[in-house]
Amino acid sequence: MIKKQITIPSILGKKNSGNKIAALTAYDFCFAQILEETDVDIVLVGDSLGMVTLGYESTLPVTMDEMIHHIRAVKRGLHHPLLVGDMPFMSYQVSNESAVKNAGRIIQEGGAGAVKLEGAGPMTERVRAVAQAGISVMGHLGLTPQSIHQFGGYKVQGKNYLDARQIKKDAFDLQKAGAFALVLEAIPQELAREITKELQIPTIGIGAGPHCDGQILVLNDMLGLNREFTPKFVKRFAELGDMAKSAVNQYIQEVREGSFPDQDHSYDMPQKPLRQAGNEKPGS
Ligand code: KIV
């Protein structure tokens with residue numbers, strides 16, 4: 001099968017043709033290779049990296065260098081899906097200049113095809129600056145985890161009329177500023193449906209119901225690798241955490257009882273002892 005390169009125009013084309021966009025996160029080379037063998041459209045190296053892979057309590061401590069390190073690892077295993085690199089906390093909030101500079105690093109050093117940043121309001125100007133610098137940028141509205149302290153926890157956003165109206169306005173502002181797509185996280189499905197219907201750019205939902213143009217999940221959540229925190233919107237498509245644990249327990253048992261390694265997993269000496277073979281003349 002000849003695989004097609006997923007580009008920004010092909011993502012926009014999916015909205016226009018009504019084909020759903022399937023997106024997932026990834027953080028390392030191993031899973032990037034697995035995703036490369038699938039038909040996934042977008043792979044996001046999210047700053048969820050901090051919680052999923054680095055063991056931080058939130059996404060806030062994640063640095064640009066950590067992001068670049070992981071985006072490069074994913075890039076080595078991923079060739080066809082669109083690779084998007086997340087901009088971590090404080091890499092774009094301070095000024096348009098820092099936003100463009102750090103977005104440029106994600107593209108140039110990380111090898112991503114686009115960047116994502118959270119929020120609207122003052123961040124709309126960051127989106128505009130990054131887009132005007134020629135870098136494709138994805139917006140992110142609703143529950144934006146970098147604002148977790150302002151929200152007072154991981155809570156569904158846009159539940160009352162005023163908040164919903166603000167999120168909708170922000171979505172239009174980001175589109176106008178040049179965002180090529182929008183992640184909608186943890187908002188009521190009715191609101192996501194309305195935004196999706198009225199925007200020209202695709203919406204990619206996570207906890208935003210079925211009416212978005214696409215969906216994204218954190219890979220480790222949907223594979224059952226992250227078992228401590230499971231929001232309502234996460235469906236576990238596998239239980240790899242349980243499988244990994246039972247494989248490791250089996251290994252320990254076999255090592256301790258001496259049944260591993262067996263003959264199938266051990267090397268034999270060559271027919272003649274190595275020392276003798278080394279002394280032979282060529283051709284003899
Ligand atoms: O950081 C992340 O993984 C994200 C997705 C959940 C959209 O922002």
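Figures for the structure shown
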read-out: Any helices (runs of 4 or more DSSP H) falling wholly within the range 116-198 and containing at least 3 residues that are within 19 Å of Ala99 (Cα to Cα) and open to solvent by less than 70 Å² (accessible area, probe 1.4 Å); value: 123-132, 161-177
read-out: Selected residue [more than 16 Å from the ligand (Cβ to nearest atom) and more than 27 Å from the chain's Cα centre (by Cα)] from Asp242, Asp268; value: Asp268
read-out: Evaluation of Val84 against (1) open to solvent by less than 10 Å² (accessible area, probe 1.4 Å); (2) touching a Ser or Thr at 6+ places or on another chain (Cβ under 8 Å); (3) among the hydrophobic types (A, V, I, L, M, F, W, C) (one fails), failing number; value: (2)
read-out: Residue, farthest from Gln146 (Cα to Cα), within the range 44-57, restricted to residues that are within 11 Å of the ligand (Cβ to nearest atom) and not hydrophobic (A, V, I, L, M, F, W, C); value: Thr53
read-out: Tabulated pairs, the range 138-152, first more than 10 Å from the ligand (Cβ to nearest atom), second open to solvent by 10 Å² or more (accessible area, probe 1.4 Å) and among the aromatic types (Phe, Trp, Tyr), C-beta under 8 angstrom, 6+ apart or interchain; value: Ile148/Tyr154
read-out: Residue satisfying condition, being more than 27 Å from Leu83 (Cβ to Cβ) and more than 19 Å from the chain's Cα centre (by Cα), within set Ala171, Ala192, Ala247; value: Ala247
read-out: Number of positions in the range 11-27 that are touching a residue at least 24 places away in the same chain (Cβ under 8 Å) and more than 14 Å from the ligand (Cβ to nearest atom); value: 5
read-out: Top-ranked residue in the range 259-284 [being open to solvent by 100 Å² or more (accessible area, probe 1.4 Å) and assigned to a loop (DSSP other than H, G, I, E, B); ranked as modelled with the lowest pLDDT]; value: Ser284
read-out: Qualifying residues in the range 201-210 (those that are in a loop (DSSP other than H, G, I, E, B) and within 14 Å of the ligand (Cβ to nearest atom)) - the one nearest to Val115 (Cα to Cα); value: Pro202
read-out: Single unsatisfied condition, Tyr92 versus (1) surrounded by 15 or more Cβ atoms within 10 Å (Cβ to Cβ); (2) closer than 25 Å to Arg227 by Cα; value: (2)
read-out: Residue among Gly178, Gly142, Gly152 that is at positive phi and modelled with pLDDT under 95; value: Gly152
read-out: Residues satisfying the stated conditions in the range 222-243, i.e. open to solvent by less than 50 Å² (accessible area, probe 1.4 Å), among the aliphatic types (A, V, I, L, M) and either over 22 Å from Ala23 (Cβ atoms) or assigned to a loop (DSSP other than H, G, I, E, B) (or both); value: Leu223, Val234, Ala238
read-out: Residues (surrounded by fewer than 18 Cβ atoms within 10 Å (Cβ to Cβ) and either basic (Lys, Arg) or within 16 Å of the ligand (Cβ to nearest atom) (or both)) located in the range 95-115; value: Lys101
read-out: Residue match in the range 33-42 (condition: within 13 Å of the ligand (Cβ to nearest atom) and either open to solvent by 50 Å² or more (accessible area, probe 1.4 Å) or of a type outside the set (Asp, Glu) (or both)); value: yes
read-out: Whichever residue in the range 153-200 is among the aromatic types (Phe, Trp, Tyr) and more than 21 Å from Thr230 (Cβ to Cβ) and, among such residues, is farthest from the ligand (Cβ to nearest atom); value: Tyr161
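The values are calculated or read from the model by the stated rules, or taken from the named source; none is laboratory data. Bear in mind that the values here come from a model prediction, so they are computed numbers and not experimental data. Quick reminder, even Gly has a Cβ in these numbers, built from the backbone with ideal geometry, and neighbours come from all protein chains shown. What goes into the accessible areas is simple: the full protein's heavy atoms, side chains included, and nothing from ligands, DNA or RNA. Shrake-Rupley method; radii C 1.70, N 1.55, O 1.52, S 1.80 Å.
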